[in-house]
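Read the structure below first, then the notes.
Where a number appears in this text, it was derived from the coordinates with a stated rule and is not lab data. Please read all numbers here as calculations on a predicted model, not as lab measurements. As a convention, Cβ positions derive from the backbone with ideal geometry for all residues, glycine included, and neighbour counts pool all protein chains shown.
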Amino acid sequence: MNNNLLIFRPFNKKDINEVLDLLINLSITNKEFFHPYKFDKKTLLKNYNSDDFYFVMVINNVIIGYSFLRFFGYKIPSFGCCIKNGYENKGYGEKITKLTIKKAKELGYKKVILKTYKKNIFAKKIYDKVGFKVIGETDDKRQYKMELIL
């Protein structure tokens with residue numbers, strides 16, 4: 001991973017087609033774990049115009065990561081991210097997680113929450129490493145509820 005070429009910035013309207021392509025073409029495993037909303041232009045445009053925060057990670061003018069801090073009607077942002085098919089297992093998941101958490105701190109938030117599937121061992125390792133703690137599980141027992149105090 002060459003950080004000199006890496007850019008982390010807010011998602012903008014001109015990113016919609018490229019982010020949609022990233023989402024539609026996620027690996028089968030990542031699609032199983034990352035499905036926060038419908039993957040279509042209408043939804044991405046709605047996200048862009050929302051009060052939530054969406055980000056992209058770019059390398060050599062290619063969007064390889066997508067993350068968010070969403071509120072779901074609460075005051076605590078919920079974190080989520082995904083990495084473009086073909087760029088997984090290269091440290092980018094940890095990088096985009098750290099950059100998004102840094103942004104949450106800059107925005108003045110004191111805590112970030114998330115849910116991750118228990119079967120998503122790679123993500124759980126990243127979240128543990130960054131400092132998230134398990135605080136419970138979903139009603140169906142398939143996901144951990146985690147939080148990070150900033």
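Averaged over all directions, how much area does the convex hull of the C-alpha atoms of the stretch 1-62 cover when projected, in nm²?
4.8 nm²
How large is the dipole of the chain about the Cα centre if only Lys and Arg carry +1 and Asp and Glu carry -1, each at its Cβ, rounded to the nearest 20 debye?
For this selection, approximately 280 debye.
Enumerate the amide H contacts of Phe71 below 5 Å, restricted to partners 5 or more residues apart or on another chain; note that Pro and chain-start residues carry no placed amide H.
Ser78
Beyond 24 Å between alpha-carbons counts as too far, so tell me which of Lys95/Lys119; Lys46/Lys95; Lys14/Lys103; Lys38/Lys119 fall in that bin.
In this structure, Lys46/Lys95 lie more than 24 Å apart at Cα.
In the stretch 49-121, which trypsin sites (Lys or Arg not before Pro) are in a loop and have at most 16 other Cβ atoms within 10 Å, using DSSP for the loop call?
Numbers: sites: Arg70, Lys75, Lys84, Lys90, Lys95, Lys98, Lys102, Lys103, Lys105, Lys110, Lys111, Lys115, Lys118, Lys119; in loops: Lys75, Lys84, Lys90, Lys110, Lys118, Lys119.
Those that pass, being in a loop and sparsely packed, are Lys75, Lys90, Lys110, Lys118, Lys119.
Using DSSP to call loops (not H, G, I, E or B), can you name the trypsin sites (Lys or Arg not before Pro) in the stretch 4-35 whose Cβ has at most 14 other Cβ atoms within 10 angstrom?
none
In nm, to one decimal, how far is the Ile121 label point from the Lys46 one, both placed 7 Å along Cα→Cβ?
3.6 nm
Find how much the distance from Lys31 to Lys102 grows on full extension, using 0.36 nm per residue of separation minus their present alpha carbon separation; answer in nm with one decimal.
23.0 nm
Using the Cβ atoms and a cut-off under 13 Å, what net charge is assigned to the surroundings of Gly91, where Lys and Arg are +1 and Asp and Glu are -1? Don't jump to the answer; show the numbers that get you there.
Values: positive: Lys90, Lys95, Lys98, Lys125, Lys129; negative: Glu88, Glu94.
Counting the neighbours of Gly91, the net charge comes to +3.
Go through Cys81, Leu148, Tyr54 and say which Cα lies farthest out towards the positive end of the charge dipole of the chain; charges sit on Cβ, +1 for Lys and Arg, -1 for Asp and Glu.
After comparing all options, I get Leu148.
Treating only the Cα positions of the stretch 1-139 as identical point scatterers, give the base-10 log of I(q)/I(0) from the Debye formula at each q in 0.10 Å⁻¹.
-0.30
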